[in-house]
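Readers should treat all values here as calculations from the given coordinates under stated rules, not as data from a laboratory. Remember, predicted model here, so these are calculated numbers, not experimental data. Don't worry about glycine lacking a Cβ; one is built from the backbone with ideal geometry, like all the others, and counts go over all protein chains shown.
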Amino acid sequence: KQWYQRRVRVFKDIFDLPTKPHTILPVVEYKLFHCLPHQILSRRWNTGFDMMAALPYLLHFILPLLFLVYNITFRRRKSVPLIYQYLWCCGWTNIVAVCIQFLFPTAPPWFNDSAVFDEWTEELISAAPNEAAFQRIDALLGVPWFKNLYGKSPLKFGSFPSLHVAWPTVLLVHQPWINTKVGLLHVLWITWAALYSSHHYLVDAMGGICIVIAVKLGMLHIWEPFSSYVESPSKTERHFTRLLSCSKAV
């Protein structure tokens, strides 16, 4: 018991909810996990972890193209129906996620953890840069890659849901490259990177995954225009069904 109390004192700021959270996300996260997971992961940082987190973020922007090239190269004609279904799922996932981000803007962790407001006017005095922890990568390389990527973003408060996590999840439910284990590892990797860099809360990642599952279920049980191009049941449907059965078993 004394050991636990000492550990709690060391991580007191992690287990305590901010007195004035600037969005509902940390409140929800605290209710679910009784802590803020992104602070636990980002506290112990080093250059190696920074590079590991930066890589999937840089790949995020060309991820759809990489998946298309992989399928055309290694799966050839058999991949054409899969590509159609993948693009359809990816498109609807983006539409739903961006609509939520515009209708219900939410501040990311880096803003909530660093923002300082005037006590009287409540105007913003200072806050961390948009690139959050990736400013260390820019400083290391001497090139403002992440500053240019995130500083010019038109959507400053689009923390929930996380499209960084949603895109690899779309790949996971559509026969990911190599095998399912690699696809699942990709999802876990980008989730860790999003929390470690303070770009997202864990609930943001969960929201992105849930949107992909909802869109995919709609494709399987309601309608999608490419079902006539594939055999019934398609390989991607069997793959998704196995994923759901595995998650239920866990």
A correct Karplus calculation of ³J(HN,Hα) over the stretch 142-151, with 6.51 cos²θ - 1.76 cosθ + 1.60, θ = phi - 60°, whole Hz and x for Gly and Pro, returns x, 10, x, 4, 6, 4, 5, 5, 9, x
Using 0.36 nm per residue, how much length does the chain from Asn179 to Thr73 gain when fully extended, once their Cα-Cα distance is taken away?
36.6 nm
Would you mind checking which residues have amide H under 5 Å from Thr106's amide H? H placed 1.01 Å from N; only 5 or more apart, or other chain.
Gly158, Ser159, Phe160
Quick one: if you stick a label point 7 Å off each Cα along the C-beta vector at Glu224 and His34, how many nm between them?
4.0
How would the stretch 23-91 be classified by its alpha-carbon gyration tensor: rounded, prolate or oblate, with rounded meaning a/c under 1.5 and the a/b versus b/c comparison settling the rest?
oblate
Sparse-neighbourhood loop sites, trypsin sites (Lys or Arg not before Pro) in the stretch 120-201 - DSSP loop, at most 11 other Cβ within 10 angstrom
Lys152
Sorted by packing (mean other beta-carbon atoms within 10 Å per residue), highest first, where do 192-199, 164-171, 94-101, 211-218 land?
164-171, 192-199, 211-218, 94-101
How far is the Cα center of the stretch 67-114 from the Cα center of the stretch 34-65, in Å?
18
